[in-house]
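Accompanying notes for the structure given below.
The values are calculated or read from the model by the stated rules, or taken from the named source; none is laboratory data. These figures come from a predicted structure and were not determined experimentally. Cβ sites come from the backbone with ideal geometry, for glycine too, and all protein chains shown count toward neighbours.
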Amino acid sequence: MRHSFTPLGQRDSLDWPFFDADHGEFMRTVDAFADSGVLDGVDHHDVDASCRRLVAELGRAGLLRACVEGEYGGFAPSIESRRLTLAREGLAYRDGLADFALAMQGLGSGPIALAGTPELKREVLPRVVRGELIPAFALSESGAGSDAGAMTCAAVRDGDSYVVNGEKTWISNGGIAGLYVLFARTGEAPGTRGISAFVVYPDDPGFSIAERIDVMAPHPLATLRFTDMRIPASRLLGAPGEGFRLAMRTLDIFRVSVAGAALGFARRAMDEALAHAQSRQMFGAPLADKQLTQARLGEMATLIDSAALLTYRAAWRRDVQGLPTTREAAMAKMSATEHAQAVVDGAVQLFGARGVKVGGIMESLYREIRALRIYEGATEVQKLIIARETLRPGAGLGVRHA
């Protein structure tokens, strides 16, 4: 069933006090983009070509302005979490690859926006906004995913250069990116305090794609290999040893938007389930008339709203209050992805055999949401972050004791 682009639930939530009038105008731009037909027939079997086309189309539509600060073509003076979150929610509702294409333009260029020199920002960020340059965020390794402190990819200073050796894997946009933000061990201190960030390009001698990786929710993904790759020291982002902090600052901005994507998938599953339950006849009555169906739909609606409240709160807290959002972003990411998984699973159950048919919308949503519970910090990692931040002196949860 083809729906109008923005689901009813999202239209209602735009009236919540987390948003301003210009966010509604922005969503009308997203609606117009989706309804233009550009997302119809996206080829998920050729993700490289599809992502390149989607990035270019998103740039032409002006939606990539949500990914950078205003000085370089963005909507606001700084990257705004609310706008990113709404954009991802709207795009994920229609097509997961479109959501991915927009998200990676932001995540891949985020460290440059935060720590790049004015010259580098002027060179890179306007091209990101126009959809002319695809960036990538290269942090994970085979033995250092959630535990970045175990990173072994090393960059050794040699005069006015760094020599890089090692691998990165599970890198989104790997193989199609024109620029990579690489995090490598430089050894200023043990663990995460000895990691630095660099800008590298795929034509740097010693850079290669070791493997392309296929996953259940298809998008460009690769293992990168660096063999005596020499890059100028001027490619360092920020100060030596501050790469991990830069990575976490970037993820704090974009982690909330992951929750937005999860909401988009959940809302689409909910709308599909409602339409199916009202049209499907069973034992002489619509499926929606059955009490068990109503109970499931009630649970699904509540899960979506509770996730939306946590998600929008985290984005609003960062944008409007200017407060740290590490804990709130982790809460949003954990709750939205886990709740969306439950919503999608409930919708599949209501669809019965049609829900598991390959190529159907429910089968697609099931694959998309399962991956979202892992990347940018698995649910288990979010729990640890929430606990760590809650245990900090003075953090608390607003509870007063006698």
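The set of residues in segment 27-54 being among the acidic types (Asp, Glu) and within 18 Å of Ala87 (Cβ to Cβ) consists of Asp31, Asp35. Looking only at segment 300-322, decide whether some residue is modelled with pLDDT under 95, of a type in the set (A, V, I, L, M, F, W, C) and not in a helix (DSSP H, G or I). Scanning segment 300-322 turns up no residue that is modelled with pLDDT under 95, of a type in the set (A, V, I, L, M, F, W, C) and not in a helix (DSSP H, G or I).
Look through segment 81-112, keep the residues that are within 14 Å of the chain's Cα centre (by Cα) and charged (D, E, K, R), and return whichever of them is farthest from Leu237 (Cα to Cα). So, considering only residues that are within 14 Å of the chain's Cα centre (by Cα) and charged (D, E, K, R), the one farthest from Leu237 (Cα to Cα) is Asp95. In segment 31-42, the residues that are free of Cβ contacts under 8 Å to residues at least 24 places away in the same chain form Cβ pairs under 7 Å with partners that are part of a helix (DSSP H, G or I) and of a type outside the set (Val, Ile, Thr), at six or more places apart or across chains, as follows: Val38/Glu57.
Of the strands (runs of 3 or more DSSP E) lying entirely inside segment 163-280, not one carries at least 3 residues that are in contact with a helix residue (DSSP H, G or I) (Cβ under 7 Å, 6 or more places away or on another chain), buried (at least 24 other Cβ atoms within 10 Å of the Cβ) and without any contact (Cβ under 8 Å) to a residue 40 or more places away in the chain. Looking only at residues in segment 353-371 that are surrounded by fewer than 20 Cβ atoms within 10 Å (Cβ to Cβ) and either at pLDDT 95 or above or under 20 Å from Ile304 (Cα atoms) (or both), the one that is nearest to the chain's Cα centre (by Cα) is Ala371. Of the listed requirements (1) among the charged types (D, E, K, R); (2) in contact with a helix residue (DSSP H, G or I) (Cβ under 9 Å, 6 or more places away or on another chain); (3) free of Cβ contacts under 8 Å to residues at least 12 places away in the same chain, Glu80 misses just one: (3). The set of residues from segment 361-373 being of a type outside the set (Ser, Thr, Tyr) and either touching a Gly at 6+ places or on another chain (Cβ under 9 Å) or assigned to a helix (DSSP H, G or I) (or both) comprises Ile361, Met362, Glu363, Leu365, Arg367, Glu368, Ile369, Arg370, Ala371, Leu372. The helices (runs of 4 or more DSSP H) located wholly in segment 1-103 that include 2 or more residues which are at negative phi, modelled with pLDDT of 95 or more and not hydroxyl-bearing (Ser, Thr, Tyr) occupy 47-61, 81-94.
Table: residues versus (1) of a type in the set (Val, Ile, Thr); (2) modelled with pLDDT of 95 or more; (3) over 30 Å from Ala189 (Cα atoms).
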site: Asp252; (1), (2), (3): no, no, no
site: Leu263; (1), (2), (3): no, yes, yes
site: Arg267; (1), (2), (3): no, yes, yes
site: Ala273; (1), (2), (3): no, yes, yes
site: Pro286; (1), (2), (3): no, no, yes
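Considering only residues that are assigned to a helix (DSSP H, G or I) and surrounded by 13 or more Cβ atoms within 10 Å (Cβ to Cβ), look in segment 281-298 and name the one that is farthest from the chain's Cα centre (by Cα). Checking each candidate, the answer is Asp289.
Would you confirm whether or not segment 134-155 contains a residue that is over 17 Å from the mean Cα position of the chain (by Cα), surrounded by fewer than 16 Cβ atoms within 10 Å (Cβ to Cβ) and within 17 Å of Asp228 (Cα to Cα)? Yes, segment 134-155 contains a residue that is over 17 Å from the mean Cα position of the chain (by Cα), surrounded by fewer than 16 Cβ atoms within 10 Å (Cβ to Cβ) and within 17 Å of Asp228 (Cα to Cα).
Taking first residues from segment 360-389 that are on the phi > 0 side of the Ramachandran plot and partners that are modelled with pLDDT of 95 or more and β-branched (Val, Ile, Thr), the Cβ contacts under 6 Å between residues at least 6 apart in sequence or on separate chains come to Glu376/Val258. From the list Thr311, Thr337, the one residue that fits, being touching a Gly at 6+ places or on another chain (Cβ under 9 Å) and of a type in the set (S, T, N, Q), is Thr311.
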